[in-house]
Amino acid sequence: WLVVENRGQESIIDIFEPESSPYNLGYAKWTVRWWNWCLSQPKFTNPVNDRKRTDRNAYNNQIYPSVWFLAGTTDGNAERECTVPIVRAILCPIINFEISTAEEPNLNTDEALLSRAKDEIDKIENLNVIIDGTRLSNLKKFRVQSGVFDVNLPQDNIWGVKPGKTRAAADGYWIFLKPLPKGMHTLQFNGSCLAGTINIGTNYYLEVR
């Protein structure tokens, strides 16, 4: 855990360890739930496409009473506001990658999907997470391989591919925060490959209440 200053008051920032099972479910299974939450939403109302400081799509399909999902972005950087219920933990990607047979039909086995996801995240070298001005360390330990899973892509999905059920795999780095103290918080997360050709990040201004 971390002790940080939040508007002159000490607060504790606590993170679920990667080997833990938050709310009786392992990290990998939570990331699969996150991916289904993300990919099941059409691009026009999908929170990954929010760019300005708005929370208009952050509340879509937040169906789990103990966990709140925050979206990353598919490219570049985004800045957003969001109000999070005080009782909910927060799961968000530092940087992640998903691939499905709908996106690349030639990847028609589970092994091929897993290999592609792993190869993409193997390229990532630079990771940053800053919570209320405090930078987290040892982020490499938060890599989670989601495994292979089924997902149902909607019409006008964010990848622009044929809708319907498809097989997918994912890999990436995640932060799973235990419920934050009441009040205002900032959360920044981003990642890039060593060559700098990939650079993705999001800044959140969170109100927990």
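The values are calculated or read from the model by the stated rules, or taken from the named source; none is laboratory data. Since the structure is predicted, the reported quantities are computational estimates derived from the model, not experimental observations. All Cβ positions, glycine included, derive from the backbone under ideal geometry; neighbour counts span all protein chains shown. Protein only, heavy atoms only, side chains kept; ligands, DNA and RNA dropped before computing areas. Shrake-Rupley method; radii C 1.70, N 1.55, O 1.52, S 1.80 Å.
Worth pointing out:
- Matching residues, segment 131-140, being open to solvent by 30 Å² or more (accessible area, probe 1.4 Å) and β-branched (Val, Ile, Thr): 134
- Every residue from segment 132-183 that is in contact with a strand residue (DSSP E or B) (Cβ under 6 Å, 6 or more places away or on another chain), assigned to a loop (DSSP other than H, G, I, E, B) and either modelled with pLDDT of 95 or more or at negative phi (or both): 136, 163, 178, 179, 180, 181, 182
- For segment 87-126, the candidate set comprises residues that are open to solvent by 30 Å² or more (accessible area, probe 1.4 Å), in a strand (DSSP E or B) and not charged (D, E, K, R); within that set, the residue that is nearest to residue 153 (Cα to Cα) is 97.
- Of residues in segment 10-44 being surrounded by 14 or more Cβ atoms within 10 Å (Cβ to Cβ) and of a type in the set (Ser, Thr, Tyr), the one modelled with the lowest pLDDT: 11
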